[in-house]
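Inspection log for the structure reproduced underneath, given as structure tokens.
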Amino acid sequence: MNYLMRRLATFPLVLIGVSVLVFVAIRMVPGDSITAMLGTEAGLLTPAQRDALAAYFGIDQPWFIQYWRWVLGLLHGNLGISVTYGKPVLDVILERFPLTLELALLAMIIALAVGMPAGVFAATHNEKLSDLGVRVVAMIGQSTPNFVLALLIIYTLSAGFGVLPTMGAFSPLWQDPLRNLSQLLLPAVTLGFAFAASVTRISRSAMLDVLSDDYVRTARSKGASNRTVIWRHALPNALIPVVTLSGIEFGYLLGGAVIVEQIYALPGLGRMILDAILQRDYALVQGSVLFIAFNFMIVNLLVDLAYVALDPRIRLGER
Amino acid sequence: MMPLLSITDLRVGFGRNPEANEVVRGVGFDLAEGETLAIVGESGSGKSVTALSINRLVDYGGGRITGGSIKLRRADNSVFDLLTATEPQLTKIRGAEIGMIFQEPMTSLNPVLTIGTQIEESFRLHRGLTGRQATAAAKDALDRVRIPDAARRLEYTPNQLSGGMLQRVMIAMALACNPRLLIADEPTTALDVTVQAQIMALLAELKRETGMSMIFITHDIGLVAGIADKIMVMQGGEAVEQGELNQILDHPQHPYTQHLLHAVPHFASGRATRSDGRREQDKGTEPALKVDGLVVRFPVKSGFFGRASGAVHAVDGVDFDLMPGETLAIVGESGSGKSTTARAILGLVRSTRGTFSAGARKAAAEQSALPVQMVFQNPYASLNPRLSIASILAEPVIATGGRVNAQTRTKMAALLKRVGLPESSLERYPHEFSGGQRQRLCIARALMLNPSVVVLDEAVSALDVSVQARVLELLVELQREFGLAYLFISHDMAVVERIAHRIAVIYAGQIVEIGDATSVLSEPKHSYTKKLIAAVPTIDRRREHFELDTRQVPSLVRPLGFEPEPARWDEFGPDHRARVEA
């Protein structure tokens, strides 16, 4: 409990660091929201008009004043207003987030459901032909860019079966589960494939390590069958690296998957952030980066708690 | 009737071509019901592989049985051929008829499962017990190996128990289904000597209770004198000699058996101590190292801000002095503070209090300003695998700001030659050397700076017994030649007896007895020293009845500001004193 409190206490510090970085970084990119909004016509503005607009957006002040204003708003739960959407930043993010979260969860479920058994299988058939097969597929999975995979999937489905992935307006899970799944399944498979490949490789090597451990020999000396040895004695000991990897990958996916969202025409966080950057929508970029950093920290915390649940030797917060 | 186990001409090989790569070459023996066979040999002799072949676990370690036969007579007198058995048949034999315990109790239990779950598994597999019945059976099994408070211990995971306790759990697990044969593969090698005595006592007692047969594998021929009926000596994959216990111990025929019995250090209760270089009683000589009131404490932190709430008193008021040319052995069990003492002297851990003066008098003019050097326990881990021997030997010189010049190179070559390695070794890398050779390299490295004191922290413990003897000889020769003072830290009384002039016994961070080696070993005065010496296995103490003793070492964690009472000493003779016991 103490540990949890201490961990949570570090969150604001990290968020301040991240916010300063993103605040400065986005302002170092040439151009500003006025130019982005008006395009070539921005050149027609008189200096006075430009100054008035800059004052309206608040970008006439030095960056630390802007930062101070922004942080003050943040303390009141106000992430600012998005220039492009004309809505509060938090509303824009929360509109997009359910899709991204669901997509990330689905991809992870697919990855673990496929990757772990494949890894265990390869480890227990070490250096046999079947192990080699699994390793080759995993290698392909890791090295195929996901736009290639996405296009292959769409092409095969439409050319071979005359089916097109469901596009159009996104329906949340709680409104139309079937339509929702038909929209998200293929993107999730696309993202899950490379993810599964990583899980396969890491669970294979972790299992190989564990299978040569002394307690596995002990279990066999007790008369445990091969199946018991693998699933009951070895696998729980091999899970730590799998959890570490899954946590990192899942954290990345929560930041949105720009390419896959683009190909399947999904309104996720990734495309939103890309647009925000292109439009110099400062408030939205800052807000969403902060939001992603926060999610990442939560995921890391959950990963650490999972370690404790998996291995009684690990005690958090001990120095 | 057929014996319980009959092995003939067993051959086991490894790798892609097992026939060409045999590590067991034609071993055979019979084991009768209730009999104990000790298989004795050094590492690589094939003793463990032989044992693992009996329950066919060798298959999982990459081994293949290439010839011979292993036959087990089952409880119903049918004969079971272990070589042709299928895997499902074997799982019914393992654990039920053949139990096994291993060398490393710390790693041989599954770290993520409670010990209760692991013991229950045996009952589930072979007795079909589940739920409450299995739990009750597991508790009985723990009671049987004399683990106090068994019901609560079932909930523990292995990291919460000491090595000795874990080995008892292993025994409880192996004996859960009353196997008729127990294979014990070096079950006490990783344990302290007093704990070893307890485990041996327990095994002897359980053997009497159940009438099981036992195969006991060890490198220590002294250890089996107390428990074995028959001995088989293995070397290079072959059984070079086997026979009745007394016949082997008293009239060994094979030269290797004779070597094991005579060339290897065996504990002789102070009769085999050194006669050279004894401490002179003149007070004129300055000690090479003087330690005064050494205290090392590690804070224990707790609470939200991690405030120190107490301290581990690892070393609590240790004083001694060490004369040039003298060996002081510090003996004690793991956690007693003997290694911490050494590390504090070298500055590897910060001492809380106390002074030491090293090199107050230099034994020779060319000795350096860094008079204390160290040789560590594990020669495999203490040489950087990426550095050539030349770089390794040059390291101490570079570290002290010296320059690697022709003189340094001459010294390297001379030292290598002195420790018995060819000069061509300089261009080679650590992995090209055996354990004994590596320890010689470590010794050469320690001597590069002409130290006056060398700390040897369990320096021969990781070596095979016959290699041990040769490294000890080398150490004694070097001591005479260079006038070195040794601080020899060890848990092994037999080794200590060969090299020490004086002995300090350390227990719970304090010296409890110190003095002349002969008189400490032959007439121990402190109760802990007596217990320690009584626990040392010897060939002389044949079929001795070990007493079970479950006393625990006191906790070293003390509240903040705690100071131990000043020590009071009883003097026994000119150089022998022991702490007065409360």
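Each value in this text was obtained by applying a stated rule to the coordinates, not by laboratory testing. Since the model is a prediction, treat every value here as computed from it, not as a measurement. Every residue, glycine among them, receives a Cβ derived from its backbone with ideal geometry; neighbour counts consider all protein chains shown.
Projecting label points 7 angstrom from Cα along Cα→Cβ for B:Glu395 and A:Ser225 puts them 5.1 nm apart. What FRET efficiency, computed as 1/(1 + (r/R0)^6) with R0 = 35 Å and r the Cβ-Cβ distance, is obtained for A:Glu41 and A:Asp91, rounded to the nearest 0.05? Approximately 0.75, to the nearest 0.05. Close amide H pairs (under 5 Å, H built 1.01 Å from N) link B:Gly67 with B:Arg11, residues at least 5 positions away or on another chain.
Determine the shape class of the stretch A:14-75: with a ≥ b ≥ c the square roots of the Cα gyration tensor eigenvalues, call it rounded for a/c under 1.5, and otherwise prolate if a/b is greater than b/c, oblate otherwise. It is prolate, given that a/c is not under 1.5 and a/b is the larger ratio. Normalised Debye scattering of the stretch B:5-262 at q = 0.13 Å⁻¹ gives log10 I(q)/I(0) of -0.84, counting only Cα atoms as equal scatterers and leaving out solvent. Charge dipole of the protein assembly as shown (Cα centre as origin; +1 on each Lys and Arg Cβ, -1 on each Asp and Glu Cβ, all else neutral): 820 debye, rounded to the nearest 20. Dividing the radius of gyration of the alpha carbons in the stretch B:218-274 by their Kirkwood radius gives 0.98 for Rg/Rh. For the peptides A:290-302, B:559-571, the ranking by packing is A:290-302, B:559-571, with the highest mean count of neighbouring Cβ atoms within 10 Å listed first. Database remark: amide H of B:Glu238 closer than 5 angstrom to the amide H of B:Arg25 (H placed geometrically; neighbours at sequence offset of 5 or more, or on other chains; Pro and chain starts carry no H). With Rh defined as the Kirkwood radius, the inverse of the mean 1/r over Cα pairs, the Rg/Rh of chain B is 0.99. Charging the Cβ of each Asp and Glu at -1 and of each Lys and Arg at +1, and nothing else, the dipole of chain B about its Cα centre rounds to 1320 debye. For the stretch B:435-446, backbone phi angles converted through the Karplus equation (6.51, -1.76, 1.60; θ = phi - 60°) give residue-by-residue couplings of x, x, 5, 5, 5, 4, 4, 4, 5, 4, 4, 5 Hz, Gly and Pro being listed as x.
Residue by residue, the stretch B:216-229 carries 3J(HN,Hα) couplings of 10, 9, 7, 9, 10, 5, x, 5, 7, 4, x, 10, 8, 9 Hz when phi is fed to the Karplus relation 6.51 cos²θ - 1.76 cosθ + 1.60 (θ = phi - 60°); x denotes Gly or Pro. Distance between the C-alpha centres of the stretch A:60-101 and the stretch B:17-60: 72 Å, rounded to the whole angstrom. Helix A:235-253 versus the longest principal axis of chain A: what is the Cα-based angle in degrees, 0 to 90, to the nearest 10? Computed tilt is about 20 degrees. Here the label points at A:Gln262 and B:Lys530, each 7 Å from Cα along the C-beta direction, are separated by 8.5 nm in the simple model. Rounded to the nearest whole Hz, the Karplus-based 3J(HN,Hα) values (6.51 cos²θ - 1.76 cosθ + 1.60, θ = phi - 60°) of the stretch A:181-189 follow the sequence 5, 5, 6, 9, 4, 5, x, 5, 5, with x at glycine and proline.
Annotation: amide H of B:Phe488 within the under-5 Å range of B:Leu328, B:Ala329, B:Ile330, B:Leu456, sequence separation 5 or more or interchain, hydrogens built in the peptide plane. The base-10 log of I(q)/I(0) for the protein assembly as shown, evaluated at q = 0.07, 0.10, 0.11 Å⁻¹, reads -0.78, -1.22, -1.34 [Debye formula, identical scatterers on Cα atoms, solvent excluded]. Relative to one another, the C-alpha centroids of the stretch B:442-482 and the stretch A:287-306 are positioned 54 Å apart.
Length available on full extension from B:Glu286 to B:Ser522: 0.36 nm per residue minus the Cα-Cα distance, which gives 82.1 nm.
Counting only other chain Cβ atoms within 10 Å of each residue's Cβ, the peptide B:172-184 averages 1.
Reported value for the stretch A:90-310: 149 Å³ per residue, from the convex hull of its C-alpha atoms. Compared with the direct C-alpha span, the chain from B:Asp9 to B:Leu560 gains 191.9 nm at full extension, assuming 0.36 nm per residue. Roughly how crowded by other chains is peptide A:233-239, in terms of the mean Cβ count from those chains within 10 Å of each of its Cβ atoms? The mean count of partner-chain Cβ atoms within 10 Å per residue comes to 2.
Binning all Cα-Cα separations of the stretch B:289-579 at 10 Å, short to long from zero, yields these whole-percent fractions: 6, 26, 32, 22, 12, 2, 0. Within 10 Å of the Cβ of each residue in B:318-326, the mean number of Cβ atoms contributed by other protein chains is 0. For chain A, take the longest principal axis of its alpha carbons; what is the angle in degrees between that and the long axis of helix A:2-28, to the nearest 10 within 0 to 90? That works out to roughly 50 degrees. The C-alpha atoms of chain B define a longest principal axis, and helix B:115-127 lies at about 20 degrees to it. Estimated from the Cβ-Cβ distance and a Förster radius of 60 angstrom, the FRET efficiency linking A:Ala55 and B:Ala308 is about 0.60. The radius of gyration of the Cα set in the stretch B:410-506, together with its Dmax, comes out at 13.4, 42 angstrom.
Peptides A:190-201, A:175-186 ranked from most to least packed, by the mean per-residue count of other Cβ atoms within 10 Å: A:190-201, A:175-186.
A crude spin-label estimate for the pair B:Ser434 and B:Thr410, with each label 7 Å from Cα along the Cβ direction, gives 3.3 nm. Toward the positive end of the charge dipole of the protein assembly as shown, with +1 on the Cβ of Lys and Arg and -1 on the Cβ of Asp and Glu, the farthest Cα among B:Ala190, B:Ser53, B:Leu474 is that of B:Ala190. Using the average count of surrounding beta-carbon atoms within 10 Å as a protection proxy, the listed peptides B:251-264, A:126-139, B:160-173 rank, highest first, as B:160-173, B:251-264, A:126-139. Hey, quick one: spin label on A:Ile140, modelled 7 Å out along Cα-Cβ, who in the stretch A:95-119 has an amide N within reach, i.e. under 20 Å? What the label zone holds, given the 20 Å backbone N cut-off, is A:110-119.
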